[in-house]
Amino acid sequence: MLDLNASVLLIYTGGTIGMMEDEETGALKSFNFNYLRAHVPELVRLKFHVDSAQFKQPIDSSDMEPRKWAELVRIIEINYDRYDGFVILHGTDTMAYSAAALSFMLENLNKPVIFTGSQLPIGKIRTDGKENLITALEIAVDKNSFGQVFVPEVCIFFQNLLMRGNRTTKINAANFKAFNSFNFPVLAEAGTYIRYRHDLIHRPPEGAKPKFYYLLDPNVTIIKLFPGISEEILKAIINIPNLKGVVLETYGAGNAPCMCWFLSLLEEGVKKGIVMVNVTQCASGSVEMNRYLAGKSLKDIGVLSGYDMTTEAAVAKLMFLFGQRLTPQEVKRQMTVSIAGEMNTES
Ligand code: ASP
């Protein structure tokens, strides 16, 4: 149901959706929000109010970083009571990381925060940006007959699918279907109507107040395994001063080499207090460390299972937990439970 008094804050961070071609080189560069607004005259025809905010300097999302996530949280916190929902226009390249990070940084959310963007700039006649933007705005104000919003979650809306932000991965550099949520069903599908999966949508505990977090610790890294990974390289990574967390992208169901040097280096890292989380390189499916000896050896030395979490969510979660100044023990404990619907620990 559309609430005619509803209002949305549209936050423009940059990305292809608002880019235009550089006259000299033809390369796409970020432009300002007025340019975008001029290409979506439909905005004034919406039956609810849309205000806008933008990053001082719109960016290609390759330049996204934790300080900018904190800036998004700040914009949302200071405007939280004035709007029914928030739509964030963001480049597609790192959108899944940003959506995952915000899902942890905005606790007990009771309003929609919907990320969207496009593969073609809004100024192009075949742009996918208009549809993405208009539907994301509608989802941000959609409520039931009791006035409750349908989706009080951080989500990504792209093409016609609404996905939980921390379950989403960019899968295509050109296709309009640029994102997928491999390990969790979509929360809504937009066709003639927008069909919500109310049974899957996360709601905050009754009466819980939203909490806004700003601190993230970037001392984490990703190690993607490949046949031939060298001892020297792994040793150099494990010995990085101040390294606190590692997302280990393993094979299949969470498997890794059983070579002595490999396991001893990882064990040395775990003993130093580095939190290591095992996620699979496969697009879908879950880590099962008891299934093969090659996974069990990792478990035995203290590597944690990341179950069916995406790499993006695992990185953002480690940054978030260490940002809260938790001890490695406490971070480990929280990495094994779902805190924002980011993983399923029951296989
Ligand atoms: N490079 C762009 C960005 O992520 C790509 C996009 O928006 O689709 O900002």
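The values are calculated or read from the model by the stated rules, or taken from the named source; none is laboratory data. Given the structure is predicted, the values throughout are model-derived calculations rather than measurements. Every residue, glycine among them, receives a Cβ derived from its backbone with ideal geometry; neighbour counts consider all protein chains shown. Just the protein is used for accessible areas: all its heavy atoms, side chains included, with ligands, DNA and RNA removed. Shrake-Rupley method; radii C 1.70, N 1.55, O 1.52, S 1.80 Å.
Which of the residues spanning the stretch 178-197 are of a type outside the set (Phe, Trp, Tyr) and surrounded by 18 or more Cβ atoms within 10 Å (Cβ to Cβ)?
178, 180, 181, 183, 186, 187, 188, 190 - these are the residues of the stretch 178-197 that are of a type outside the set (Phe, Trp, Tyr) and surrounded by 18 or more Cβ atoms within 10 Å (Cβ to Cβ).
Here is a check on your reading of the model: is residue 206 charged (D, E, K, R), in a strand (DSSP E or B) and away from the ligand (no atom under 16 Å from the Cβ)?
Here the answer is no, as residue 206 does not meet what is asked.
Mind checking which pairs have a first residue in the stretch 67-96 that is touching a residue at least 40 places away in the same chain (Cβ under 8 Å) and among the small types (Gly, Ala, Ser) and a second that is open to solvent by 10 Å² or more (accessible area, probe 1.4 Å) and within 16 Å of the ligand (Cβ to nearest atom), Cβ under 7 Å, 6 or more apart or different chains?
91/16; 91/60; 96/169; 96/170; 96/312
Name the residues in the stretch 44-68 that are more than 14 Å from the ligand (Cβ to nearest atom) and either basic (Lys, Arg) or more than 26 Å from the chain's Cα centre (by Cα) (or both), would you?
Residues satisfying the conditions are 44, 45, 46, 47, 48, 49, 56, 67.
Conditions (1) in contact with a strand residue (DSSP E or B) (Cβ under 7 Å, 6 or more places away or on another chain); (2) modelled with pLDDT under 95; (3) away from the ligand (no atom under 15 Å from the Cβ), marked per residue:
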position: 79; (1), (2), (3): yes, no, yes
position: 85; (1), (2), (3): yes, no, yes
position: 90; (1), (2), (3): yes, no, no
position: 96; (1), (2), (3): yes, no, no
position: 99; (1), (2), (3): yes, no, no
position: 102; (1), (2), (3): yes, no, yes
position: 111; (1), (2), (3): yes, no, yes
position: 115; (1), (2), (3): yes, no, no
position: 122; (1), (2), (3): no, yes, no
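Which of the residues that make up the stretch 294-335 are modelled with pLDDT under 95 and open to solvent by 30 Å² or more (accessible area, probe 1.4 Å)?
Scanning the stretch 294-335 gives a single hit, 296.
Matching residues to (1) open to solvent by 60 Å² or more (accessible area, probe 1.4 Å); (2) of a type outside the set (Lys, Arg); (3) assigned to a loop (DSSP other than H, G, I, E, B); (4) closer than 20 Å to residue 210 by Cα:
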position	(1), (2), (3), (4)
58	no, yes, no, no
70	no, yes, no, yes
77	yes, yes, no, yes
86	no, yes, no, yes
98	no, yes, no, yes
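Restricting the first residue to the stretch 20-32 and requiring it to be in contact (Cβ under 8 Å) with a residue 60 or more places away in the chain and open to solvent by less than 90 Å² (accessible area, probe 1.4 Å), which pairs with a second residue that is of a type in the set (Gly, Ala, Ser) and in a loop (DSSP other than H, G, I, E, B) meet a Cβ separation below 6 Å and a spacing of at least six or different chains?
Matching pairs, first to second residue: 20/123.
Check whether at least one residue in the stretch 195-211 is touching a Phe, Trp or Tyr at 6+ places or on another chain (Cβ under 9 Å) and closer than 24 Å to residue 126 by Cα, and report yes or no.
Restricting attention to the stretch 195-211, the residues satisfying the condition of being touching a Phe, Trp or Tyr at 6+ places or on another chain (Cβ under 9 Å) are 196, 198, 200-201, 210.
Next, from what is left, pick out any that are closer than 24 Å to residue 126 by Cα: none.
No, that holds for no residue.
Output the residue which, of all residues in the stretch 146-177 that are within 15 Å of the ligand (Cβ to nearest atom) and buried (at least 24 other Cβ atoms within 10 Å of the Cβ), is farthest from residue 345 (Cα to Cα).
158
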